[in-house]
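Written below as structure tokens is the structure these notes are about.
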Ligand SMILES: [Zn+2]
């Protein structure tokens, strides 16, 4: 996440020059002062500058010590980063918390630790790609307990989290807390649901992340099929749920990539390397260096 992306800045500068220049020519031909054309880049500056200005203000905030201590304890990769990378990670957490809305369902209180747990997942997933944003912005709904297909809690309810092509990300309070309480078990509902956001091409998630280079998409699909078969046979580091479909394979693989990178690299080297390319982050090497 950045205060403003270079490509966005370039886009608005070009737009300002083209529109402002055209308006100046028209005004000059109409014998009106062409200086009025400056209003166009000025309006563009106000319009396009809102988010960067907000992010710049957020970036000036002090990161609370108690949050830093939580990150050190709970997010192994954060612990492995150097000071500069940590500062960027913390800034991403602040951006996320400023821009994403959290709501508790059925009198569930959303506490800082829940908000921080989700924001840490977003900062982690985006860390290797400072130019990326999460593909969409959603509300996070925090449920008090597991829920079923009808979003009802109680007997038979077995979902810890859910996200569709549209609508909020639904997470249970307990699963969010457990996500980072056991950061090496390859089970992290926050990373899982955020990973799905990369995967909503058109109407449904098919396991080919939106930002993936089309040239590598075909090889990725073949790899996903092979990994799904391994998961279905129980010969995978990934839990059997990964065999459900391509989208779940990707989401479960992301959980393992960040939580058990060394084991994933050893047992699923091709999958691990594909994820290193996608996230631009060699998590296993980072973990190794920090030991
Ligand atoms: Zn899923």
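Rule-based calculations on the coordinates, nothing more; no lab input. Since we're looking at a predicted model, the values are computed, not measured. As a convention, Cβ positions derive from the backbone with ideal geometry for all residues, glycine included, and neighbour counts pool all protein chains shown.
Under the simplified labelling scheme, the residue 129-residue 288 pair shows an inter-label distance of 2.4 nm, with each label point 7 Å from Cα along Cα→Cβ. Counting only alpha carbon atoms, the long axis of helix 65-74 and the longest principal axis of the chain meet at about 40°.
Sorting the Cα pairs of the stretch 93-152 by distance into bins of 10 Å, from 0 upward, gives 20, 47, 27, 7 percent per bin. If you run the Gaussian network model on the chain, springs between alpha carbon atoms under 10 Å, then out of 34, 261, 144 the most flexible one is 34. Distance from the C-alpha centroid of the stretch 92-171 to that of the stretch 250-291: 23 Å, rounded to the whole angstrom.
Taking every Cα-Cα distance in the stretch 65-182 and sorting them into 5 Å bins from zero, the calculated P(r) comes out as 2, 11, 21, 22, 19, 13, 7, 3, 1, 0 percent. The Rg/Rh ratio for the stretch 6-59 is 1.13, where Rg is the radius of gyration of the alpha carbons and Rh is the Kirkwood radius. With the highest mean first, a sort of the peptides 73-82, 111-120, 2-11 on other beta-carbon atoms found within 10 angstrom per residue produces 111-120, 73-82, 2-11.
The calculated FRET efficiency for residue 66 paired with residue 277, based on their beta-carbon distance and R0 = 41 Å, is about 0.70. The modelled label-to-label distance between residue 153 and residue 225, using points 7 Å beyond Cα along the C-beta direction, is 4.3 nm. To the nearest 10 degrees, how steeply does helix 112-126 sit against the main Cα axis of the chain, on a 0 to 90 scale? Result, in degrees: 80. Seen against the Cα atoms of the chain and their longest principal axis, helix 246-259 is set at about 80 degrees. Would you mind computing, in nm to one decimal, how far apart the modelled labels at residue 107 and residue 36 are, each placed 7 Å from Cα along Cα→Cβ? Calculated label separation equals 6.2 nm. Just to be sure I understand the curve: with the Debye formula and one point per C-alpha of the chain, what is log10 I(q)/I(0) at q = 0.14, 0.15, 0.16 Å⁻¹? The Debye formula, applied to the Cα set alone, gives -1.05, -1.18, -1.31.
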